[in-house]
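Notes follow once the structure below has been shown.
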Amino acid sequence: MFDVDKALDLWRSEALRRALRIQSVVLDASREFLRRQGFIEILPVIISPITDPLTDHRVRGEVECYGFKYQITKSMIFHKQIALFTHPRIFCFSPNVRIESIERRNSGKHLIEFVQLDLEVREAKRSEVISLGEELFRFIVIAVREKCREDLEFFGRKLDLPESPFPQISYREAEAKFGPDFEEKLSCSQKGPFWIIDFPMEIREFYDREDENRPGILIDMDLVYPEGFGEALSGGEREYIFQRICYRIQQKGIQLEAFSPYLEIARRGLFPSAGFGIGIERLTRYLCGLRQIELTRLFAKLPGEFSL
Ligand code: ASN
């Protein structure tokens, strides 16, 4: 059950205090960077009839209100696409709930409730949001190095500023060269962040756009931190053509009815777009050089643990 003494020790700890100070600079710097780039911040959606299917997260967080069934947001992917009707460049600090398997309890990377900085750009190609991600990351590192010198010293963290463009490797190439756990191997061996691009269709969700010239390959990407810190960000170009969306949903074995409000909108025409989401707690973890994700936010919820 809930251990109050352990929680109080954590809430009073120097490590948490400093990590949250760094995180606060991350939030400010992200907003400043994106505002300068012409983005509008939108407010998060917590419950909705539609959310990211993320088929590996088997438990659906559901809430019933007035007889309507809502799901707790796993990601705002569809809301981001729809928000582009209102503004061409949007971002959101979006709380997500994903009921991870209990085996991930000690991964150091998984929280069942986390926040991602999620953004989407109307008419953008993947290359554009890759450059944007690199510049955002560099802007954050510069701000943290400048404003959190003492905090970084406390963690014994020397933060390098990576040069843009970051290296890229395709999923297939990485798998062929380094085997099935290539992400972990590459993350441990690389000196700076790098991109994994072109994921195979089978292992991603239906909304990442398939490359017309390379069937089965998606125009998407992950950013991975070096030093074994693992995945930072996921994103890509989006499927926006109604018939293609229906086909991709059915290919995943999902009933079209599960997405009917989204499909009604897509039938009338979505914008082409690209975007990504970067986890704030994992970013804080990397910047601080911490191995435990629970030191990167208040009220952290580890898989399988009871928490405030
Ligand atoms: N935010 C991610 C994206 O924009 C989706 C996710 O979190 N699953 O692609």
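The values are calculated or read from the model by the stated rules, or taken from the named source; none is laboratory data. Predicted model only: the values in this text are computed from it and were never measured. Cβ sites come from the backbone with ideal geometry, for glycine too, and all protein chains shown count toward neighbours. Areas reflect the complete protein model, heavy atoms only, side chains present, ligands, DNA and RNA absent. Shrake-Rupley method; radii C 1.70, N 1.55, O 1.52, S 1.80 Å.
Numbers at a glance
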{"item": "Selected residue (criterion: farthest from residue 210 (Cα to Cα)) from residues of segment 125-160 that are of a type in the set (Gly, Ala, Ser) and surrounded by 18 or more Cβ atoms within 10 Å (Cβ to Cβ)", "result": "143"}
{"item": "Filtered residues of segment 61-92 (kept if closer than 30 Å to residue 133 by Cα and among the basic types (Lys, Arg))", "result": "74, 80, 89"}
{"item": "Answer residue from segment 283-308, given it is over 14 Å from the mean Cα position of the chain (by Cα) and among the β-branched types (Val, Ile, Thr) and is surrounded by the fewest Cβ atoms within 10 Å (Cβ to Cβ) among those", "result": "293"}
{"item": "Evaluation of residue 85 against (1) in a loop (DSSP other than H, G, I, E, B); (2) within 21 Å of residue 236 (Cβ to Cβ); (3) hydrophobic (A, V, I, L, M, F, W, C); (4) open to solvent by less than 40 Å² (accessible area, probe 1.4 Å) (one fails), failing number", "result": "(4)"}
{"item": "Residue check for residue 35: away from the ligand (no atom under 16 Å from the Cβ), part of a helix (DSSP H, G or I) and free of Cβ contacts under 8 Å to residues at least 60 places away in the same chain", "result": "yes"}
{"item": "Answer from 164, 189 - the residue that is away from the ligand (no atom under 16 Å from the Cβ), out of contact with any helix residue (DSSP H, G or I) (no Cβ under 8 Å at 6 or more places or on another chain), hydroxyl-bearing (Ser, Thr, Tyr) and open to solvent by 10 Å² or more (accessible area, probe 1.4 Å)", "result": "189"}
{"item": "Members of segment 114-154 found to be within 16 Å of the ligand (Cβ to nearest atom) and free of Cβ contacts under 8 Å to residues at least 12 places away in the same chain, listed by number", "result": "127"}
{"item": "The lone exception for residue 234 - which of (1) open to solvent by 20 Å² or more (accessible area, probe 1.4 Å); (2) over 30 Å from residue 292 (Cα atoms); (3) within 16 Å of the ligand (Cβ to nearest atom); (4) not in a loop (DSSP other than H, G, I, E, B) it fails", "result": "(2)"}
{"item": "Among (1) within 16 Å of the ligand (Cβ to nearest atom); (2) farther than 22 Å from residue 172 by Cα; (3) open to solvent by 30 Å² or more (accessible area, probe 1.4 Å) - the single one residue 280 does not satisfy", "result": "(3)"}
{"item": "From the options 229, 242, residue that is more than 16 Å from the ligand (Cβ to nearest atom), within 21 Å of residue 190 (Cβ to Cβ) and in contact with a helix residue (DSSP H, G or I) (Cβ under 8 Å, 6 or more places away or on another chain)", "result": "229"}
{"item": "Segment 260-277: number of residues that are in contact (Cβ under 8 Å) with a residue 40 or more places away in the chain, open to solvent by less than 10 Å² (accessible area, probe 1.4 Å) and more than 30 Å from residue 162 (Cβ to Cβ)", "result": "1"}
{"item": "Selection within segment 97-111 - free of Cβ contacts under 8 Å to residues at least 40 places away in the same chain and within 14 Å of the ligand (Cβ to nearest atom)", "result": "97"}
{"item": "Filter result (of a type in the set (Gly, Ala, Ser) and in a loop (DSSP other than H, G, I, E, B)) within segment 237-261", "result": "253"}
{"item": "Contacts under 7 angstrom Cβ, first residue in segment 61-86 being within 16 Å of the ligand (Cβ to nearest atom), partner of a type outside the set (A, V, I, L, M) and part of a helix (DSSP H, G or I), 6 or more apart", "result": "78/262"}
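Yes/no per residue for (1) assigned to a strand (DSSP E or B); (2) of a type outside the set (Ser, Thr, Tyr); (3) surrounded by fewer than 17 Cβ atoms within 10 Å (Cβ to Cβ):
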{"residue": "45", "(1), (2), (3)": "no, yes, no"}
{"residue": "52", "(1), (2), (3)": "no, yes, no"}
{"residue": "55", "(1), (2), (3)": "no, no, yes"}
{"residue": "60", "(1), (2), (3)": "no, yes, yes"}
{"residue": "105", "(1), (2), (3)": "no, yes, yes"}
{"residue": "110", "(1), (2), (3)": "no, yes, no"}
{"residue": "116", "(1), (2), (3)": "yes, yes, no"}
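Let's see how each residue does on (1) in a loop (DSSP other than H, G, I, E, B); (2) under 27 Å from residue 88 (Cβ atoms); (3) of a type in the set (D, E, K, R):
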| site | (1), (2), (3) |
| --- | --- |
| 196 | no, no, no |
| 212 | yes, yes, yes |
| 227 | yes, no, yes |
| 263 | no, yes, no |
| 271 | yes, yes, no |
| 284 | no, no, no |
